[in-house]
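The structure under discussion appears below in the form of structure tokens.
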Amino acid sequence: MTECYRCWAEVDLNALRGNLAQIRTLAGRETKILAVVKADAYGHGLRQIAAVLMQSGADVFGVANLAEARAIRAVGQGWPILMLGACLPSEVGWAVRDHVMPTLSSYEEAVRFSAAAVWAKTVVSCHVKVDTGMGRLGALPGQLPELLKAIDQLPGLTVSGLCTHYSSAEEDADFTAGQCRQFTALLGDFTAQGRQFECVHACNSAALLRAPSQPFNMVRVGLLTYGIVSEGACERAATGWNLTPALSWKARVSLVRYLPAGSPISYGHTRVTTALTRVAIITAGYADGYPRAASNRAQVLVGGQFCPVLGRVTMDQMVADVSAVDQVQAGEEVVLLGRQGNEQITANLLARWCQTIPWEVLTNITYRVPRVYRGGHAA
Ligand SMILES: *Cc1c(COP(=O)(O)O)cnc(C)c1O
């Protein structure tokens, strides 16, 4: 008896290594790479991914919370870690203890970090953010010089980075270029005053790929690391670059049935067969993270062919029309995301079917789905 998974994700670590090498070329030798590994490394599994990225030349890690920072520290010591969001007041002491660099937008945050640093008898390295059009984190451009001056007066803090965030790098190159110009101008003012920053960063994957912005001296890449290029202009910009999706998502056929014409399918009978239909019951559902929005919209690969999802996706199972596939057997593999034969379902394609974005598709894959690694373990 061999045990096999019902629903699992395969992560190709060699694809990840290759993607990082491509990013290195894109960004230039002099540019640092901050690998964004928040949300369990975009659903790929933080520990394994961090280990591979450490060996493949990532310079800094970007996280969304302190548990992620701790997981990185458990894999390898010494890498700088930047908290991408604002730290809660209750997290400040822990961030200082774990040497996680905060992203600061305000004087209040700086005061809290200064106090914690003094208490811990240490110096906290921090990145100051400026809001050039994202409206989320960052000081307003007019307030930035004042804020930096004030932070300079606080004990226990050193400003090692200056950054901003593009809100529309995937869809609006002009807006991004405007944000870049504003950031560059601010930077120019500081340079004129003789002030340098160790890390200056603005670009996410799309901004790096489409280059409506210069990379400054560090880029923050998430999606591209995992081998996914968002649709449209990014895809055009990526031609010639060799980026490979690292993650494939699979399930199995548990049962094959024939349903006569007029058969209702799944909850709410949102689908009724119009002819004799061969259906496969598939061992994946929304509890695995397969989008319920995929109901009656998405397709899966069975026997190397696209097969429509019929009716609503349920918690643990779903139904696909496999009438067009030659032979379908219980136990065989179904591809939800990735390649089978000559066909491929990309995260972009599944996202489009479900009216969402590839980031959400990946990060919604739940804990129940084991991640299986190929291409040499690193951790
Ligand atoms: C998540 C995140 C990124 C990565 O964006 P991608 O489009 O996935 O490359 C970059 N910067 C910040 C601040 C982020 O939070």
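Those residues that are within 16 Å of the ligand (Cβ to nearest atom) and part of a strand (DSSP E or B), I need them from region 117-159; list them, please. Talk me through it step by step, then tell me what you get.
Kept after step one, since they are within 16 Å of the ligand (Cβ to nearest atom), are these residues of region 117-159: 126-139.
CYS126, HIS127, VAL128, LYS129, VAL130, ALA139, listed by residue number.
Pull out all pairs, ordered by first then second residue, where Cβ-Cβ is under 9 Å, the residues are six or more apart or on different chains, the first lies in region 41-65 and is on the phi > 0 side of the Ramachandran plot, and the second is within 15 Å of the ligand (Cβ to nearest atom) and at pLDDT below 95.
none
Among the residues in region 135-152, are any under 23 Å from LEU34 (Cα atoms), surrounded by 14 or more Cβ atoms within 10 Å (Cβ to Cβ), at pLDDT below 95 and not aliphatic (A, V, I, L, M)?
Scanning region 135-152, I find no residue that is under 23 Å from LEU34 (Cα atoms), surrounded by 14 or more Cβ atoms within 10 Å (Cβ to Cβ), at pLDDT below 95 and not aliphatic (A, V, I, L, M), so the answer is no.
If ALA237 satisfies every condition in (1) out of contact with any Cys (no Cβ under 9 Å at 6 or more places or on another chain); (2) within 14 Å of the ligand (Cβ to nearest atom); (3) within 29 Å of ASP288 (Cβ to Cβ); (4) aliphatic (A, V, I, L, M) but one, which is the exception?
Only one criterion in (1) out of contact with any Cys (no Cβ under 9 Å at 6 or more places or on another chain); (2) within 14 Å of the ligand (Cβ to nearest atom); (3) within 29 Å of ASP288 (Cβ to Cβ); (4) aliphatic (A, V, I, L, M) is unmet by ALA237, namely (3).
Listed here are the residues, each with its yes/no results for (1) at pLDDT 95 or above; (2) within 16 Å of the ligand (Cβ to nearest atom); (3) of a type in the set (Gly, Ala, Ser).
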| site | (1), (2), (3) |
| --- | --- |
| ARG47 | yes, no, no |
| VAL60 | yes, yes, no |
| ALA71 | yes, no, yes |
| ALA74 | yes, no, yes |
| ILE81 | yes, yes, no |
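Across region 188-234, which residue is farthest from ILE345 (Cα to Cα) among those that are touching a strand residue (DSSP E or B) at 6+ places or on another chain (Cβ under 8 Å) and polar (S, T, N, Q)?
Looking at the filtered set, the residue picked out is ASN217.
Taking the stated definitions as given, is ASP326 in contact (Cβ under 8 Å) with a residue 12 or more places away in the chain and either among the aromatic types (Phe, Trp, Tyr) or open to solvent by 10 Å² or more (accessible area, probe 1.4 Å) (or both)?
Values: in contact (Cβ under 8 Å) with a residue 12 or more places away in the chain: yes; either among the aromatic types (Phe, Trp, Tyr) or open to solvent by 10 Å² or more (accessible area, probe 1.4 Å) (or both): yes.
Criteria met by ASP326.
Among the residues in region 211-218, are any out of contact with any Phe, Trp or Tyr (no Cβ under 9 Å at 6 or more places or on another chain), part of a loop (DSSP other than H, G, I, E, B) and closer than 30 Å to PHE113 by Cβ?
Narrowing region 211-218 to residues out of contact with any Phe, Trp or Tyr (no Cβ under 9 Å at 6 or more places or on another chain): 211, 214-215, 218.
If we keep only those that are part of a loop (DSSP other than H, G, I, E, B) too, we end up with 211, 214-215.
From the residues that got through so far, the ones that are closer than 30 Å to PHE113 by Cβ too are 214-215.
Yes: one or more hits.
Among ALA251, ALA206, which is open to solvent by less than 50 Å² (accessible area, probe 1.4 Å), within 28 Å of GLY331 (Cβ to Cβ) and either away from the ligand (no atom under 16 Å from the Cβ) or assigned to a helix (DSSP H, G or I) (or both)? Talk me through it step by step, then tell me what you get.
Values: ALA206 fails: within 28 Å of GLY331 (Cβ to Cβ).
The conditions single out ALA251.
Please tell me if ASN19 is of a type in the set (S, T, N, Q), free of Cβ contacts under 8 Å to residues at least 60 places away in the same chain and within 14 Å of the ligand (Cβ to nearest atom). Write out each step before concluding.
Numbers: of a type in the set (S, T, N, Q): yes; free of Cβ contacts under 8 Å to residues at least 60 places away in the same chain: no; within 14 Å of the ligand (Cβ to nearest atom): yes.
Judged against the criteria, ASN19 is not a match.
As an exercise: evaluate VAL11 against (1) away from the ligand (no atom under 14 Å from the Cβ); (2) β-branched (Val, Ile, Thr); (3) closer than 26 Å to SER213 by Cβ and give the number of the one condition it does not meet.
(3)
The values are calculated or read from the model by the stated rules, or taken from the named source; none is laboratory data. Here the structure is a predicted model, which is why all the values come from computation and not from measurement. Glycine gets a Cβ as well: all are built from the backbone with ideal geometry, and neighbour counts include every protein chain shown. Accessible surface areas use protein heavy atoms only, side chains included; no ligands, DNA or RNA. Shrake-Rupley method; radii C 1.70, N 1.55, O 1.52, S 1.80 Å.
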